[in-house]
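Here is the structure we will look at.
Quick note: the coordinates plus some simple rules give every number you see, no bench work behind them. Bear in mind that the values here come from a model prediction, so they are computed numbers and not experimental data. Here the Cβ positions follow ideal geometry from the backbone for every residue, glycine too, while neighbour counts run over all protein chains shown.
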Amino acid sequence: MPQPSALPRPFLARRLLALAVDLALVFALVTVAMVPFTGDGLRLPAAPLTMRSTDCSDVETAPGWLTELLGAPGPYSLRLCERRLYGLPDGNELRVVLGAATPDTTSRRLVIPVNAALEPVDPRHPGGVLILAILMALSALATRLGWRSPGKALARLRIVPANGARALPVWRETLRLGPLVILAALPALTGGLPAAAIGPLGVIAAVALGAILLIWYYLWPFAHWSGQSRHDRHARFFVTG
């Protein structure tokens, strides 16, 4: 496979530009596509620094399912909160504050995902997996037809078969988006793992491990193979200017 012996800085800058533009567009596309499913429990993808807001209102009468769930826990208050991410609807949640608010007591709060009718919903919605799978299929078709992504078009880059080899666009997209599909499906496949079960340190360790694995999978080959990504290299593609 043709590749430069050293990483040309202008080429690397163009690759990084294309990557940043394509990632931003994909993130925006996936976020907008997920909005119709937020009422059924799906939550929008969010970066560590996000613009979140909630609009809460008091609920006077507890729904029947909540009364059966709590039994007789003593005094509690209810609030229905509409979540928003970057101004987009991000589902509803019912916040249950148990105990009276006095200096001598410690209240507990339960947060339950619900729809607009105050019915509980399962946050492990398959909509995110479905959207990524559709995006994978469309991207494979675009690659097969020779279309360039907006980022590559802006950076004047082309993706071509390596040394005239028979390229594998479906395999390329499987390698490129497959790990993200697995991550999106993991909560539903495992039944979910509440943060309380592993504790704060467990959550931090899991997030750190996930970040390290994603960096190794996506960014390490990009730097090691002179600007060529893992999915391009193993699917017999080559990015050139």
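Of note:
- Positive contributions from Lys and Arg (+1) and negative ones from Asp and Glu (-1), summed over other residues with Cβ under 15 Å from the Cβ of SER139, come out at +2.
- Modelled FRET efficiency - R0 25 Å, VAL207 with TRP65, Cβ distances, 0.05 increments: 0.20
- Cβ crowding within 10 Å averaged over residues, with 131-140, 54-63, 167-176, 114-123 ranked highest first: 167-176, 131-140, 114-123, 54-63
- Efficiency of FRET between ALA117 and LEU23 - r from beta-carbon atoms, R0 30 angstrom, step 0.05: 0.25
- Taking each residue as 0.36 nm, the span from TYR218 to ARG166 lengthens on full extension beyond its C-alpha to C-alpha distance by 16.4 nm.
- Distance from region 59-98 to region 130-177 (C-alpha centre basis), Å: 44
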